[in-house]
Amino acid sequence: MLLLLKLCLVPALVGSVTLATRRWGPRIGGWLTALPIIAGPTLCFYAIEQGNEFAAGAAQATLAGLVGVAAHSVTYARSCRRWSWRASLFIAWFAFAAVTALFYLAQPDLVWSLILALVSFVVAKRILPPRRSVAGVSRNPARDLLLRMAAALGLVFALTSTANRLGPALSGFLTPFPIATAIIAAFTQAEHGPDAVAAYFHGFVPALNSFAFFCFVFASSLSRIGLPLALALALCVQLLIQTFNLWRMMTRA
């Protein structure tokens, strides 16, 4: 049953977000990508396979790792205005790795992880390139969809199968590795240009605050109330914040 969930759940979530992005555009796609479609199931698999204490520690590290995701987002959005998607991808992943390595060495506690993550989102939003109107339809919809689903599935399998060797901290820092985000950005750049990439990250980065609170609530409540209730509580908090984010994004459109 657990193997079946890994095979079906994450690819289905990624596929749904991909189709919604095509329907409503890159900005809404960025907002949707900030939902825990990969990291959420991965943290649950940690709890089932490694125990609640392990998963709580991984969620705390995932929260700190979101600073690296913010760095990746800004780096890609700015690099793609000068470089190809391949070069931008490499530079942005390097930025994520560098920031994540620093936080792995520092090991901030749960509260500081939340504070630093929220501050990084505000800073990242301010230094993103300006958002401009974009339009267009993906020219390679099937390839795009399959690649995102396969990459997400590969990441989940790699993390959950090596978690007992990596430990909760390193597993958690690697959980938000922006592989699906990077694929979306690369396809968006190749097909619609850097302005569409900027629009995508303008939806993605502010919505990360809800993901940060998901990790915070999940990490702080898992050991006390168990996986089902902790997951439900974390999702409720995130969805409330995401709804507010969407309202604010629509009013500023």
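The values are calculated or read from the model by the stated rules, or taken from the named source; none is laboratory data. As the structure is a computational prediction, the values presented were derived from the model and not from experiment. Here Cβ is always computed from backbone atoms with ideal geometry, including for glycine, and neighbour counts include all displayed protein chains. Protein only, heavy atoms only, side chains kept; ligands, DNA and RNA dropped before computing areas. Shrake-Rupley method; radii C 1.70, N 1.55, O 1.52, S 1.80 Å.
For the reader, a short list of remarks on this structure follows.
- Among residues of region 166-213 being outside any helix (DSSP H, G or I) and under 24 Å from residue 238 (Cα atoms), the one that is most open to solvent (accessible area, probe 1.4 Å) is 177.
- Per the listing 43, 102, the residue uniquely surrounded by fewer than 20 Cβ atoms within 10 Å (Cβ to Cβ) and either over 17 Å from residue 124 (Cα atoms) or among the β-branched types (Val, Ile, Thr) (or both) is 102.
- Counting the residues of region 234-253 that are open to solvent by 80 Å² or more (accessible area, probe 1.4 Å) and among the aliphatic types (A, V, I, L, M) gives 4.
- Residue, nearest to residue 46 (Cα to Cα), within region 144-165, restricted to residues that are free of Cβ contacts under 8 Å to residues at least 24 places away in the same chain and open to solvent by 60 Å² or more (accessible area, probe 1.4 Å): 161
- Test: residue 78 is at pLDDT 95 or above and out of contact with any helix residue (DSSP H, G or I) (no Cβ under 7 Å at 6 or more places or on another chain): yes
- Among the numbered conditions (1) closer than 20 Å to residue 34 by Cβ; (2) among the β-branched types (Val, Ile, Thr); (3) free of Cβ contacts under 8 Å to residues at least 40 places away in the same chain, the only one that residue 225 does not meet is (1).
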